[in-house]
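The values are calculated or read from the model by the stated rules, or taken from the named source; none is laboratory data. Here the structure is a predicted model, which is why all the values come from computation and not from measurement. Methodologically, a virtual Cβ is constructed for each residue, glycine included, from the backbone with ideal geometry; neighbour enumeration extends over all protein chains shown.
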């Protein structure tokens, strides 16, 4: 084989290797290059202390989505959390969203408790019922200073 053919074959294999590594890094990093197979809902919380973008969204301990972003709602001074939910999971309009901690000092995540309604939440819909994060420092301070209600 002449030198040009060998260089061409090596170039093709290097290119295929780079494509494989790119695909693998996207899949392992759980990134989405194009839209994905998700829909978005949002919920307003009084406090989302410790919750971060990319946190898990779970129902019954099964991950069904991720926190897409967290904004401050200026009209109500509440945290608005946008959730990306897998398309095959249909949430009822009376679902309850709660900020929870995995373990004693673990990461925060959103736990969804299914409701009993037959009406699903549509894309860009709102979860009306929420439970905010428990602030352990504030709770301990109230207990220490005798202001527990």
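Out of all the residues in segment 6-18, is one or more surrounded by 10 or more Cβ atoms within 10 Å (Cβ to Cβ), more than 17 Å from the chain's Cα centre (by Cα) and assigned to a strand (DSSP E or B)? No - not one qualifying residue is present in segment 6-18. Considering segment 76-149, the qualifying strands (runs of 3 or more DSSP E), each wholly inside and each with 3 or more residues that are surrounded by 14 or more Cβ atoms within 10 Å (Cβ to Cβ), run over 78-86, 96-101, 108-113.
Here is the figure for segment 50-75: residues that are surrounded by fewer than 16 Cβ atoms within 10 Å (Cβ to Cβ) and either touching a residue at least 60 places away in the same chain (Cβ under 8 Å) or not assigned by TED's automatic domain parsing to the domain that holds residue 112 (or both) total 1.
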